[in-house]
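Notes follow the structure.
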Amino acid sequence: MTSQAETTAEGLGSAHTIPRRSVYVYEAPLRLWHWVNAACIVVLAVTGYLIASPPPSVMGQASDHFIMGDIRFVHFAAAYIFGIGFLGRIYWAIVGNEHARQIFYVPFWSRSYWGGVAHEIGWYLFLKKKPRVYVGHNPLAHLAMFFLYTVMAVFMIMTGGAMYAEGTGLGSWQDRVFGWFGALFGNPQNLHTWHHMGMWVIVIFVIIHVYVAIREDIMSRQSMVSTMISGERMFKDGGQ
Amino acid sequence: MPEPQETFYDVIRRQGITRRSFMKFCSLTAASMGLGPTFAARIAHAMETKPRIPVLWMHGLECTCCSESFIRSAHPLVKDVILSMISLDYDDTLMAAAGHQAEACLEETRRKYKGHYLLAVEGNPPLNEDGMYCITAGKPFVNTLREVAADAQAVIAWGTCASWGCVQAARPNPTQAVPIDKVIFDKPIVKVPGCPPIAEVMTAVITYLVTFGELPALDRQRRPKMFYSQRIHDKCYRRAHFDAGQFVESWDDEAAREGFCLYKMGCKGPTTYNACSTVRWNNGVSYPIQSGHPCLGCAEDDFWDKGSFYDRLTTIQPLGIEGTANEIGGYAAAGVGGAVVAHAAISAIKRARKSDDDDRKQD
């Protein structure tokens, strides 16, 4: 399914031309999802933090303000977009190209996969001189995407849905879909606390994700950041 | 052959209560349980035809606050419940008999009404040292509880002790106190948590059981939906201040005098299912938030082990470290952020050296 295009600079007549190959990796719906999702995560983290630790109190009549109401509304609206986006992302994993499926599974029984993970760990510990190049996520990134993003996204949707169901009430569709998961936590205080912890895990994921994307764009001689904009992964030293 | 039992109605009339008062009582009870007007007639019919249900009320590890609450019920009056609605055959705290006479009542009811009595449990059994931390009538409470529960029709778990474990089950729980559903497995259990539960909630649950002969609709944690399906926060009269962003920041500040939301003072209303904000206490006079104090979340599992009552973000103990989500998550994020900066610096140095080497090679 990967469309390939040879792009060379030879036609320009320069002495230092390197043939650069690019592969179409991320299709348009997936890229759109990525950036909408990224925006949702920022909004959700900021508003979620403020729900747990509200801004300073305001005086006057209650009817003059709606600060927590607005913060909660933005959080819930972003949560709906995040959740529906996740469903759309699952749909795209089914109908999209092979790279769209990568974050939903770990090739647990593949020996070469774990060899690749070990190599990547070596690369990040400065033990390996040369990075390997991959069309999709590298094996370590693949692992991180699965556990820190996909699993956490499901966890946040389930815990968040269960908390939302506390407001919509017993018997609401949110309660029927998510309520059983919330009940596993016993005291709802635990549910709130673990949802809050989940936010921090995702913050940590974002820190690593952004750092590694920029670093590998520079260090491993393949495009990363622009790939999520154009969809094309360019191999800067030519062949794969 | 058991002798024919008196119905509720027989007992009520024998006490000289008029039919008019009886009907008023039925309507009031229906209203207090949130049932429609037609249910008053059903309650009246049930009371006229059904025999009084014997109730055995047992006390394990507890502080008797459930009984203290129960005897203050206003709708219905606890006098009506005990003297008219149920036949409270055994309650070692409230009954006139004591010692061997009291235990004889327990035995007699168990034998006579096998499979037809209600068991109400206040407190819970400790399991450590074969149950030696709670002895009633010379026997470990856990043994008596198992025996009496075996012949019961249904079991009521009064309060947070019987429902969740409460203070005696708080870390490190030296007596290994457990909620009663860890000991009784084969009987329908209804949990009425709270430390103590609201008096009217207790009497209404009993009224429902004796009127309809079945448990009320229960939620996932086996609590009656009619009293435990909403959080304190959902019906709190200070909710408007929460939505507005008006919070008490410290005791006795202007916001506290204005009666603003106690969320920042650690109120557990948003995570506590109970009827305090609607039924209230002491015949509807007040409830903790109304008197200016945050909800402690006493009707919820494990509320003693959630750190300070006055913190909104409560502590968790992953891997033996204790801290709030913000402390643990914040330090972890800062650690990862620091590691990223260090890693980026090393990467940059390595890369600079490598390009120096490359330049030298080219020269």
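The values are calculated or read from the model by the stated rules, or taken from the named source; none is laboratory data. Just so we're clear, the structure is a prediction, and the values are computed from it rather than from any experiment. Cβ sites come from the backbone with ideal geometry, for glycine too, and all protein chains shown count toward neighbours. All accessible areas refer to the heavy atoms of the entire protein, side chains included, with ligands and DNA or RNA removed. Shrake-Rupley method; radii C 1.70, N 1.55, O 1.52, S 1.80 Å.
Some notes on this structure:
- In the range B:235-248 there is at least one residue that is farther than 21 Å from A:R176 by Cα, surrounded by fewer than 22 Cβ atoms within 10 Å (Cβ to Cβ) and without any contact (Cβ under 8 Å) to a residue 12 or more places away in the chain.
- Residue in the range B:145-159 that is hydrophobic (A, V, I, L, M, F, W, C) and touching a Ser or Thr at 6+ places or on another chain (Cβ under 8 Å) present: yes
- Taken across the range B:304-318, residues that are farther than 30 Å from B:P196 by Cα, within 14 Å of chain A (Cβ to nearest Cβ) and among the aliphatic types (A, V, I, L, M) do not occur at all.
- Single unsatisfied condition, B:M33 versus (1) over 19 Å from B:L119 (Cβ atoms); (2) open to solvent by 40 Å² or more (accessible area, probe 1.4 Å); (3) under 26 Å from the mean Cα position of the chain (by Cα): (2)
- The criterion of being farther than 30 Å from B:P188 by Cα and at the interface with chain A (Cβ under 8 Å from one of its Cβ atoms) holds for B:K264.
- When the helices (runs of 4 or more DSSP H) confined to the range B:140-212 are screened for residues that are of a type in the set (S, T, N, Q) and open to solvent by less than 30 Å² (accessible area, probe 1.4 Å), those reaching at least 3 such residues are found at B:199-212.
- Looking across the range B:124-137, the residues that are out of contact with any Ser or Thr (no Cβ under 8 Å at 6 or more places or on another chain) and open to solvent by less than 40 Å² (accessible area, probe 1.4 Å) come down to B:N124, B:P125, B:G131.
- For B:I71: the one exception among (1) open to solvent by 20 Å² or more (accessible area, probe 1.4 Å); (2) over 22 Å from the mean Cα position of the chain (by Cα); (3) at pLDDT 85 or above; (4) aliphatic (A, V, I, L, M): (2)
- A:L148 fulfils the conditions (1) farther than 22 Å from A:F205 by Cα; (2) touching a helix residue (DSSP H, G or I) at 6+ places or on another chain (Cβ under 6 Å) except for a single criterion, (1).
- Subset of the range A:69-88 [over 19 Å from the mean Cα position of the chain (by Cα) and of a type outside the set (A, V, I, L, M, F, W, C)]: A:G69, A:D70, A:R72
- Unique residue being of a type in the set (K, R), surrounded by fewer than 13 Cβ atoms within 10 Å (Cβ to Cβ) and in a helix (DSSP H, G or I) when the list is A:R176, A:R89: A:R176
- Any hit, the range A:109-126, residues being part of a loop (DSSP other than H, G, I, E, B) and closer than 29 Å to A:G88 by Cβ: yes
- Helices (runs of 4 or more DSSP H) lying entirely in the range B:229-284 (those with 3 or more residues that are modelled with pLDDT of 95 or more and in the same structural domain as B:S32 (by TED's automatic domain parsing)): none
- Evaluation of B:I289 against (1) open to solvent by less than 30 Å² (accessible area, probe 1.4 Å); (2) within 12 Å of another protein chain (Cβ to nearest Cβ) (one fails), failing number: (2)
- All positions within the range B:285-310 that are in a helix (DSSP H, G or I) and under 26 Å from B:S73 (Cα atoms): B:P288, B:I289, B:Q290, B:S291, B:F303
- Complete set of residues in the range A:128-154 that are within 14 Å of another protein chain (Cβ to nearest Cβ) and farther than 17 Å from A:A118 by Cβ: A:L148, A:M152
- Leading residue by the ranking (modelled with the lowest pLDDT) among those in the range B:217-228 that are more than 7 Å from every other protein chain (Cβ to nearest Cβ) and in a helix (DSSP H, G or I): B:M226
- Considering the conditions (1) open to solvent by 20 Å² or more (accessible area, probe 1.4 Å); (2) away from chain B (no Cβ under 13 Å), A:F235 is excluded by exactly one of them, (1).
- For A:A118, the stated conditions hold: it is open to solvent by 50 Å² or more (accessible area, probe 1.4 Å), of a type in the set (G, A, S) and more than 23 Å from A:E27 (Cα to Cα).
- Scope the range B:300-354; condition open to solvent by 80 Å² or more (accessible area, probe 1.4 Å) and at positive phi; matching residues: B:L319
- Within the range A:189-229, the set of residues being in contact (Cβ under 8 Å) with a residue 24 or more places away in the chain, away from chain B (no Cβ under 12 Å) and surrounded by fewer than 17 Cβ atoms within 10 Å (Cβ to Cβ) comprises A:I229 only.
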